[in-house]
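None of the figures in this text is laboratory data; all of them are computed from the coordinates on show. In this text, all values refer to a predicted model and were calculated from it rather than measured experimentally. As a convention, Cβ positions derive from the backbone with ideal geometry for all residues, glycine included, and neighbour counts pool all protein chains shown.
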Amino acid sequence: MKGTLASRAVRLFGTDEPVEPPRILRAGALSAEFETGNLRYIRYGGIEMIRAISFIVRDKNWATYTPVLSNLLIEEDDDSFAISYDAETKDNEQSFRYSARITGAADGTVEFSAAGEAVTDFITNRTGFVVLHPIAGVAGRPARVETADGGTIDTEFPDLISPAQPILNMRAIAHEFAPGARVVCRMEGDVYEMEDQRNWMDASYKTYVRPLAKPWPYTLKAGEKLAQKVSLRIEGKPPAKSSKAKPVTIRVGKKIGAVPALGVGLAPEDAASALRSAALLGKIRPAYVICYYDTRLGHNQNSLNAMTKVARALKAEVWLEAVVTRVEGFEEEIAGLAKQVAKSQSPFKAVLLSPASDMKSTQPTGPWPPCPPLADIYKLARQLFPGARIGGGMMSYFTELNRKRPPAADADFITFTNSALVHASDDRSVTEGLEALPSMAKSVRAFVGGMPFAVGPSAIGMRFNPYGAAPQANPRDRRQAMNRNDPRQRGLLGAAWAFAYFAHFARNGAEAIALGGLTGPFGVLYSKSAWPQAWFDGNKGLYPVFHILRGLARLEDADLLDTSISRPRDVQALATRRADGKVELWLANLTGDAITVDIGRRFVTGRMTILDEDHFIEATERAEYLDKGGMKVKSPRFALAPYASARILSA
């Protein structure tokens, strides 16, 4: 056993960084959570009306400042609550201050106002209110919009993910959140518009201040003031308070396909550490390794050789994703890459080439930067990499794929990646974003037809930043939006996230799914890094996600069974039928609370192995941890600990 006891925070989140819990506000049947100066999960009768109302300040790279609150006053009684505070957002170059007031009443009325002033000239991409609508029960449903010029429009929230803003010129929007009850959200102080945040793996539609058609970043001059307000009111008959939460039910159904292949990502800078740990990493048995190549970063023949050597050591297929840096003369650049690949003596089974310009985000309306024609790139790749499957799509995120849909007819499959940290970094946002993946898969299938699609390599952290110069530097290894290295990669939350990511896309038609990496910021086991790794720096070992990847990789091509989950935001599941006829069920708790699950009687007398905080130390030491017999399943109902995963085998 390891000499130093890991704290509960390290086991769950990979870090001892403290997190202040939200303050629960109540006024009769109205409830909301107050967190970092903003409101989240605004519910009436226990039913979510609005996901969040936030006053946010962003810098020129879209990074969000964390406000420093002062003079905070919270008053609350049975029928109302009121909050006031002052806040400052600043860095070494600029500062913006504002005062806020929030009120809530038992009839469901909420008001959130803010008045601010730039202390210095303040460069920002957005400063003002953002309202988030949930997607569950809202996607594809009707909405009534009041425009900024006083008109009324009857529309609907998008079902397929919209690449452009689905609603513009907004003053208010109303939707039904419960049978017979609508919530009207009114926004004042500027013109608002909506974007479909599912593009970025957020489980929400975002209505925000200042249209993107206006220039950004923009400057608030020193002394410039702004005042804005968001209010909610309920129309119709408010719902009665919901009953106590029931167990999450999981039921296994019929065969819907086969379990996809699982891959991993690999960058040249992580090849040496991965090769040193090849004996352990080989126990995962990934189907393929995606090697990242970008000459702008100094990658060369040695980089290709190092990465392919790792893939061979793992007995995995080698895939290549390479950045095409030139517009004029791109043909010569790709031909030169093909020569280097030939020298590596490890033919790539799949090749994805992406123009460098597509690594950065462009609004759907443009202007689009110069770029080689994608069809020409794909056709040339087919000539120069004979025998390889040619991938089309984006090495960046689904957003960029949705905005610039590739000529699918010239490729063998379509691909894209995801990160959980584009807009927010708190634990709940990271896991709730997984709700967007079924919509993402549905949208991809809609615009590529019958073309296969693959996803990844994806992780909580960002490989690239299409919206700024680079992912955020994170030398202290903190929770932070747009991070490259994220501490939760090492915790149980990271394992649950990886499992749920795979489960969602497996059930929704992906032919191959790549997760994270081997070592480094997206790795599955300890390797020395430039940032601190709480507890692991002194003890080393495997991260919980190692066991998830190892377990999922062994399921490849097994019969994939349908699963129905009563609360898929809270618990995810994947079920397969093995060659011996037994059903193997995997579960993950995506919340910070223990959850009672009900898996049905077919698994009673079967065996279950749990990956949770009580078994964390053992799991860091044993690559075969989940292979052990585990405990006998005595009841269809049992408690799944926070961010715990379980492997269950029928009798």
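What number does the stretch 394-477 give for Rg over Rh if you use C-alpha atoms and the Kirkwood radius?
Values: Rg = 14.0 Å, Rh = 14.0 Å.
Across the stretch 394-477, the Cα-based Rg/Rh ratio is 1.00.
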Highest mean packing first, using Cβ neighbours within 10 angstrom, the peptides 579-585, 191-197 sort as 191-197, 579-585
For the chain, the Cα convex hull volume per residue in Å³ comes to 158 Å³
Between residue 72 and residues 5 or more places away or on another chain, the pairs with built amide H atoms under 5 Å apart involve 86
The stretch 216-334: relative contact order from alpha carbon pairs under 8 Å, six or more residues apart, as a whole percent, is 22 percent
Among the Cα-Cα pairs of the stretch 30-236, the proportion with separation greater than 27 Å, in percent, is 30 percent
Once normalised by the length of the stretch 561-649, the mean sequence separation of its alpha carbon contacts under 8 Å that are 6 or more apart gives a contact order in percent of 37 percent
Output row, site residue 258, 7 Å Cα→C-beta label point, backbone N cut-off 20 Å, window the stretch 493-511, residues 502-511
For the stretch 568-616, the percent of all C-alpha pairs falling in each 10 Å bin, from 0 up to the bin holding the max distance, is 20, 51, 26, 3
In nm, the gap between the two label points placed 7 Å beyond Cα toward Cβ at residue 84 and residue 301 is 7.2 nm
Pseudo-spin-label distance residue 70 to residue 618, built 7 Å along Cα→Cβ, given in nm, is 5.2 nm
Placing each pseudo-label 7 Å from Cα in the direction of the beta carbon, residue 556 and residue 5 end up separated by a distance in nanometres of 4.2 nm
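Report the per residue volume, in Å³, of the convex hull enclosing the C-alpha atoms of the stretch 364-508.
Numbers: hull volume 19.8 nm³, N = 145.
Enclosed volume per residue, from the Cα hull, is 136 Å³.
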Taking a label point 7 Å from the Cα of residue 23 along Cα-to-Cβ, the residues of the stretch 67-101 whose backbone nitrogen sits under 13 Å from it are 69-77, 81-86, 100-101
Expected vector for the stretch 509-524, Karplus 3J(HN,Hα) from phi with 6.51, -1.76, 1.60 and θ = phi - 60°, integer Hz, x for Gly and Pro, equals x, 5, 8, 8, 9, 10, 10, x, x, 10, 10, x, x, 10, x, 10
For the residue 156, residue 360 Cβ pair and Förster radius 25 Å, calculated FRET efficiency rounded to 0.05 is 0.20
Taking Rh as the Kirkwood radius computed over alpha-carbon pairs of the stretch 531-651 and applying Stokes-Einstein at 37 °C with viscosity 0.692 mPa s, one gets a diffusion coefficient in µm² s⁻¹ of 216 µm²/s
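What is the sum of charges, Lys and Arg at +1 and Asp and Glu at -1, for the other residues whose Cβ falls under 10 Å from the Cβ of residue 223? Let's see the in-between values first.
Details: positive: 221, 225; negative: 117, 121, 224.
Around residue 223, the charge tally is -1.
What percent does the relative contact order of the stretch 97-198 come to when contacts are Cα pairs within less than 8 Å and at least six residues apart? Before the final figure, lay out each step's value.
Details: 141 pairs, mean separation 19.1, N = 102.
In percent, rounded to a whole number, it is 19.
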A correct Karplus calculation of ³J(HN,Hα) over the stretch 465-474, with 6.51 cos²θ - 1.76 cosθ + 1.60, θ = phi - 60°, whole Hz and x for Gly and Pro, returns 10, x, 10, x, 5, 6, x, 5, 5, 9
